[in-house]
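Shown next, in structure tokens, is the structure this report addresses.
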Amino acid sequence: MSSQQLGVLLISGRLTHQENYALNLRADPRCQLVGLSDESDVPPERTQLNRQFAEDLDIPYFPDLEEALARDDVHLVSVCADPERRGRIAARCADAGKHVYVDKPMTPYLSHAAAAVAAIERAGVRSQMFSSNHQAWVQQARRVVESGAIGELKAIHVDNLFSKGPNGTAKLGTPRQAIYPPVISNFVDAKAELYAIGVYALGFVCMLSGRAVESVFGSTANYFFAEHQNRNMEDFGFLSLTLEGGVTATITGGRIGWASHPAGGANQIHLIGAEGSIFLDANRPRLEVYANDQPWTPPEINPRDPMGFWRTTQDEVNAQPKRTIASLPSTLESRTDASYFIDCIFEERESEMNARQAAYLTEILLAGYKSAAEGRVVNLPLLRDDDPA
Amino acid sequence: MYDWTVLDQTVSETLAGGRVGAPLFVRWTAAAAQNNAELKSLLAEMSAYAETWLSGQPRRIYATGSADDGHLSLALEFENGQSALLAITLAHDNPSMSLAILGARGAIYHTDSDVPARAENLAGGPEERNQQSTVLSTSKMVAAIDKSLFAKQPVALSPEGDQA
């Protein structure tokens with residue numbers, strides 16, 4: 001490793017987003033993967049998945065997390081542990097003096113978020129939660145706002161709806177009875193989708209508006225998957241937000257099924273300004289391609305990943321990409337989220353999606369779940385007594 | 001002016017065909033108002049269409065935004081569990097709209113930079129009777145929107161569309 005390279009420790013492996021983050025970090029010439037580790041008390045299945053991923057990458061597996069964090073050749077840790085463990089591990093990494101790259105959302109607990117922020121700021125290390133804020137189409141939205149082309153920003157409407165999973169199995173006909181605190185865990189067949197996907201849309205709203213959220217109205221639903229319903233986790237949700245200065249925002253987040261979109265999903269931003277409005281779509285501009293070849297069909301269901309959460313399990317069932325839409329590349333520079341973070345480290349500046357911002361998004365999400373459960377608007381900040389930890 | 005009757009007809013026929021399964025969620029954002037004064041009635045009209053497409057009655061609504069500022073949003077939760085998220089803003093001489101209807105087994109999308117003009121209604125015909133019915137329901141919805149905006153809280157509705 002050269003003096004210009006960062007040594008990267010991975011925490012958690014297969015069947016986590018580490019499958020993607022590790023490859024993006026490895027692709028950056030400023031990074032070198034040093035090894036993979038995790039907490040010592042994780043279930044044997046998790047240890048096995050971690051060891052498998054270390055073998056996939058041809059890097060060592062370190063069974064003792066403390067020893068791994070003590071290594072001098074580790075400068076940055078990519079934390080993809082389960083949602084409940086993420087915040088406390090991020091704090092441990094910072095306490096060890098390592099930069100922290102953490103999966104989204106950073107934690108479902110206010111106290112863990114506060115501890116992670118405190119540890120990171122105390123140690124003076126850099127931090128970033130994964131987001132889609134640096135995708136070219138989102139940066140285009142940012143340029144529109146900053147250019148003043150639509151006048152003062154008045155409202156933002158964002159949809160992040162992923163077309164994955166075998167939909168059509170949920171039992172319909174009655175409103176979902178939301179609970180607070182929500183169930184936030186990664187099961188093999190279900191996640192809390194407003195939490196896991198809605199966080200992207202919230203990241204857009206906060207970045208584009210630059211304003212604090214004052215109040216939240218939330219609603220969650222079980223529209224598509226019996227698996228989510230059986231675990232009392234929503235597959236879909238929306239938030240209606242009031243921001244400082246009377247700006248409003250609405251977001252949707254959810255998993256809507258393989259068949260419900262010609263590409264990866266409905267990912268769009270509608271910006272409303274005092275002098276105009278503009279609609280941006282992750283899949284536009286685009287080519288639409290129709291041919292007499294075999295139509296795309298959903299992949300065979302992998303029992304280890306029936307919803308299509310992970311890359312390796314979808315590779316196992318030979319999942320094929322949809323081919324109807326070919327999005328045109330943006331003229332704006334498109335960077336991976338990981339490379340943006342490496343820039344921040346080398347340029348000694350804070351990421352716009354640092355741990356403090358990640359903690360803020362956790363608070364907005366929890367306010368949304370609380371609103372859905374109580375049927376009323378919830379004002380921010382949340383009382384710390386509301387922490388589900 | 002705007003005219004969503006053709007859109008409504010095509011959407012309704014598509015939903016009736018059953019390809020996307022039971023309609024569950026309507027996401028509709030429109031930059032279509034000619035002036036601030038018609039924002040609330042337009043939003044209530046969009047709500048009436050959403051009710052038609054979802055074949056249900058909202059049990060609770062929550063409105064945000066400001067007609068004076070030129071933008072309103074409306075969240076609706078329905079008796080049978082469906083929901084809708086609607087937004088209206090000024091056209092600024094460049095009308096546009098984006099509509100998504102999520103069904104249990106598929107989805108309908110419509111994005112257009114052209115919001116068609118409203119045709120003159122024929123006096124005494126079924127269109128007028130439908131319009132009278134719509135006016136009644138939209139007036140109740142406008143009142144509910146006003147109440148939610150004032151209270152900054154959701155408003156429960158009775159099955160008849162009155163504020164509960």
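Here are a few things to note about the model shown:
- Taken over the stretch A:331-350, the residue count meeting the criterion of being crowded, with 24+ Cβ neighbours inside 10 Å and either in contact with a Pro (Cβ under 7 Å, 6 or more places away or on another chain) or of a type in the set (Ser, Thr, Tyr) (or both) is 0.
- Selection status of residue A:52, in a helix (DSSP H, G or I), open to solvent by 10 Å² or more (accessible area, probe 1.4 Å) and under 20 Å from residue A:337 (Cα atoms): no
- Residue A:183 vs. criteria in contact (Cβ under 8 Å) with a residue 40 or more places away in the chain, within 21 Å of residue A:354 (Cβ to Cβ) and hydrophobic (A, V, I, L, M, F, W, C): no
- Consider the stretch A:1-42 and keep the residues that are of a type in the set (A, V, I, L, M, F, W, C) and assigned to a loop (DSSP other than H, G, I, E, B). The one that is nearest to the chain's Cα centre (by Cα) is A:15.
- Failed condition for residue A:127, given (1) open to solvent by less than 40 Å² (accessible area, probe 1.4 Å); (2) more than 29 Å from residue A:310 (Cβ to Cβ): (2)
- Matching residues in the stretch B:139-164 - criterion: being in contact with a Pro (Cβ under 8 Å, 6 or more places away or on another chain) and assigned to a helix (DSSP H, G or I): B:148
- The single condition from (1) outside any helix (DSSP H, G or I); (2) open to solvent by less than 40 Å² (accessible area, probe 1.4 Å); (3) in contact with a Gly (Cβ under 9 Å, 6 or more places away or on another chain); (4) away from chain B (no Cβ under 13 Å) that residue A:113 fails is (1).
- Residue check, residue B:30 among the small types (Gly, Ala, Ser), within 14 Å of another protein chain (Cβ to nearest Cβ) and part of a helix (DSSP H, G or I): no
- Within the stretch B:87-104, the set of residues being within 9 Å of chain A (Cβ to nearest Cβ), crowded, with 23+ Cβ neighbours inside 10 Å and within 29 Å of residue B:158 (Cβ to Cβ) comprises B:87, B:100, B:102, B:103.
- Given (1) in contact (Cβ under 8 Å) with a residue 60 or more places away in the chain; (2) within 14 Å of chain A (Cβ to nearest Cβ); (3) open to solvent by less than 10 Å² (accessible area, probe 1.4 Å); (4) more than 18 Å from residue A:270 (Cα to Cα), number of the condition residue B:47 does not satisfy: (2)
- Which listed residue is open to solvent by 30 Å² or more (accessible area, probe 1.4 Å), among the small types (Gly, Ala, Ser) and assigned to a loop (DSSP other than H, G, I, E, B), from A:178, A:190, A:170, A:149: A:149
The values are calculated or read from the model by the stated rules, or taken from the named source; none is laboratory data. The structure presented is a predicted model; accordingly, all values stated were derived computationally and were not measured. Using ideal geometry, Cβ is built from the backbone for each residue, glycine included, and neighbour counts are taken over all protein chains shown. Only protein heavy atoms, including side chains, enter the accessible area calculation; ligands, DNA and RNA are left aside. Shrake-Rupley method; radii C 1.70, N 1.55, O 1.52, S 1.80 Å.
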